[in-house]
Amino acid sequence: MKRLRGALCAAVLVILAISLPASAAAATAPIKLGFVYIMSGPFATYGQFAKQGAEMAVDEINREGGILGRQLEANFEDSTGKPDVGIRVFRKLVFQEAVDCLIGLDSSGVANAVVPALLQMKTPLIITHAATPDVTGSLCNRYAFRISLNLDQNVKAAALIAAETKADTWTTIGPDYAFGHQSWEYFQKYLKQIKPAVRFLPEAQTAFPPAKTTDFSAYITKLMQAKPQGVLISLWGGNLIDFVRQADQMGFFSGEFEVLMTLGGAVEVLDALRDKMPKGIWVGTRYWFLANDTDRNQRFLNDYYSRYGQYPSYNAHGAYGAVYTYKAAVEKAATVDKETVITALEGLSLELPVGPITIRAEDHQALTDACWGKTSADPAYPIPILKPMRVFPGAEITPPVTETGCQMTP
Amino acid sequence: METLAINMLNGLSWGMLLFLISMGLTTVFGVLGVLNFAHGALFMLGAYLCMQIMRIVPSFWLGLALGPLLVAALGVVVERFLLRRVYARDVSFQLLLTFAILLVLDDAVRLLWGPAYHVVEAPPLLAGVFPLFGHTYPVYRLFLIVVGPLVGLGLWFFFQFTRWGRIVRAAALDREMAEGIGVRVPLLFTAVFALGAWLAALGGALAAPQQSLAPSMGDRIIIESFIVVVIGGLGSFPGAFVGALFLGLLESFGTVFAGQAQMALPYLLLAVVLLVRPRGFFGREA
């Protein structure tokens, strides 16, 4: 009898042992995050960095017990940089994968198409790279947030630097879509406010090569013949690399005029160019791994470097930071319910490797620091670094909500 | 004068690179009757293989010599085992097949070399600059201006005056008749496709010191090559030359003088040629 009881007890224990974790797991199914970046084509390296940053954040959080005791699960999709593909993969993530939060976007073109579509998807999106002012401006809505520096803020910093130089006549070269044209438009607006005597060359003496351009010689000739005193460059990725190499050979960087590259501080670009990046040129970036020595940044930099053997780029930082931003919001909300998390994201402040950020409740744009610096060689690093470096506090370069054109509808 | 000269050089160097790539496209179409969508991917592969060879032996010249040969060998495999099966079928099969090869090669490059941008150094002999109107101009661009016509002339001579060239032209003109007099046409087609692949890869290796290497880099140049081939006349060598020259100069002068309208110029040119002379400048009457 006793033996039978013992056997029964054992059986019950075994059954419990098998079923308990299962039922516990059901109560703590993973929280699903959907990431959308450019994973193929010429800009794929940006998606690769973002994926690395995202995976590192997810692994770190899972190791420390997840969010509200639930593990994170990452789903990655390729936007290919095309708006229609972008919308399609977002719908797939929301309606098929049932993700709790969306993170991503490299291209402003994709962002402008996707943000209005969020109203049907009813899922928060944390933008980490696309810089178009519209998604936290004229197109803003309840679901779209951005923790990365936007075009408006970055170009404001560019204008502050430009105002300190002797250059009074400016022109530009930028990609021929909204991003390039808006960079120039905002640069003119801000620089004119700071330094009213400044002059901008007419449209015929600006250059907007299409993104597919590989031979920039004609544009370089055009800019040099316009004889400007300063040039704002908003090209990025492979376009910027090709432009810099070809322009350098044609004497563009010989010091006849000031040069500002709004996205020249991207690790993706510096790592490819290495010693072919001219020295003493002002370049901007949304995150620079040497910009601050807080513990938070040191930990991120060291972990990232030892895991991937690369320095974290701003895109890696953006995706990494977005996961922690979501974590902070969920912990504040104490639930993963999408609408409650959105309310928690509004006004949220937290510390990221880049520094403290605060997401404005009114337009969902984060106040975050802009980092600019002059390219310079340092034997300690295989890539050019920024020295001297300037950090512009987010509060100083972010326009007031009234100027963004954002009308948030509940 | 200054503007004219610099724009001339800009346009010519770009045009001659386009010419090299277009020659391969137009030869394959002229002889095999295949519009090769994968041509841009072969261009990309030429650039990446040149870079890979330079990592082992740091010599651009070796990369330039060997890279395109390896791509030509791949061309042999593609023609022999894939393309040959669809000659008899509807033309859409050829388009689908070459498009599929393009996608496979794009992804293969991304898997092998990663998505990062790569930069190839010009050889020391050509890496310098020379003074021009108070600024500098890269020697490498002059090299491009010279090498395009040289390769073109060599090929033209081959097709025009050698026994093998005549056989190729005969097979292009009338496949059955050529077979009837004992030409081994399948072998000939393999060789011509390999030649086309070699030309694409040569263009890629030559472009590498000028433009960054990234996945799908061939997609951008292939559109312009198609325009060159169509305005010059499909299958015509002199056509490719004139078309490339025209497009190169149009783009360089257009950029400086036409402002934002410049982007429409190549397509406008294409539309006008198609309306006025649908077979292109040098195309044969259909």
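The values are calculated or read from the model by the stated rules, or taken from the named source; none is laboratory data. All figures in this text were calculated on a predicted structure; none of them were measured in a lab. Methodologically, a virtual Cβ is constructed for each residue, glycine included, from the backbone with ideal geometry; neighbour enumeration extends over all protein chains shown.
Observations on the model:
- Annotation note: of A:K212, A:K222, A:K195, A:K227, the sole residue that is of a type in the set (K, R) and surrounded by 24 or more Cβ atoms within 10 Å (Cβ to Cβ) is A:K222.
- Filtered by the rule that a residue be among the aliphatic types (A, V, I, L, M), under 24 Å from A:I357 (Cβ atoms), part of a loop (DSSP other than H, G, I, E, B) and away from chain B (no Cβ under 14 Å), region A:262-303 gives A:L290, A:A291.
- If you go through region A:305-316 and keep only what is more than 20 Å from A:L263 (Cβ to Cβ) and either in contact (Cβ under 8 Å) with a residue 24 or more places away in the chain or in a helix (DSSP H, G or I) (or both), you end up with A:Y305, A:S306, A:R307, A:Y308.
So that you can scan it fast, the table gives a plain yes or no per residue for (1) more than 9 Å from every other protein chain (Cβ to nearest Cβ); (2) modelled with pLDDT of 90 or more; (3) out of contact with any Asp or Glu (no Cβ under 9 Å at 6 or more places or on another chain):
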{"site": "B:V109", "(1), (2), (3)": "yes, yes, yes"}
{"site": "B:A116", "(1), (2), (3)": "no, yes, no"}
{"site": "B:V120", "(1), (2), (3)": "yes, yes, yes"}
{"site": "B:P124", "(1), (2), (3)": "yes, no, yes"}
{"site": "B:T136", "(1), (2), (3)": "no, no, yes"}
{"site": "B:Y140", "(1), (2), (3)": "no, yes, yes"}
{"site": "B:I145", "(1), (2), (3)": "yes, yes, yes"}
{"site": "B:G148", "(1), (2), (3)": "yes, yes, yes"}
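- The set of residues in region B:171-186 that are touching a residue at least 12 places away in the same chain (Cβ under 8 Å) and either assigned to a helix (DSSP H, G or I) or basic (K, R) (or both) comprises B:A171, B:A172, B:V185, B:P186.
- The helices (runs of 4 or more DSSP H) found wholly in region A:1-106 and carrying at least 1 residues that are farther than 29 Å from A:G309 by Cβ and at pLDDT 95 or above occupy A:83-91.
- Those strands (runs of 3 or more DSSP E) of region A:145-261 in which 1 or more residues are within 12 Å of chain B (Cβ to nearest Cβ) and either touching a residue at least 24 places away in the same chain (Cβ under 8 Å) or of a type in the set (D, E) (or both) occupy A:169-173.
- Single unsatisfied condition, B:L234 versus (1) more than 8 Å from every other protein chain (Cβ to nearest Cβ); (2) aliphatic (A, V, I, L, M); (3) within 21 Å of A:P42 (Cβ to Cβ); (4) within 16 Å of the chain's Cα centre (by Cα): (3)
- Figure legend. Inter-residue proximity from region A:280-303: first residues over 30 Å from A:L232 (Cα atoms), second residues assigned to a helix (DSSP H, G or I), beta-carbon distance below 7 Å, spacing 6+ or different chains. Indicated pairs: A:F300/A:Y320; A:D303/A:M56.
- Scanning region A:378-410 for residues that are over 21 Å from A:D293 (Cβ atoms) and of a type in the set (A, V, I, L, M), we see that the one that is surrounded by the fewest Cβ atoms within 10 Å (Cβ to Cβ) is A:A395.
- Among the residues listed as B:A214, B:A208, B:A244, B:A240, the single one being buried (at least 24 other Cβ atoms within 10 Å of the Cβ), within 14 Å of another protein chain (Cβ to nearest Cβ) and closer than 22 Å to B:M8 by Cβ: B:A244
- The listed residue being within 14 Å of another protein chain (Cβ to nearest Cβ), among the small types (G, A, S) and under 19 Å from B:I222 (Cα atoms), out of B:A47, B:A38, B:A5: B:A47
- Here the condition is being in a strand (DSSP E or B) and over 18 Å from A:P42 (Cα atoms); of B:P123, B:P131, it holds for B:P131 alone.
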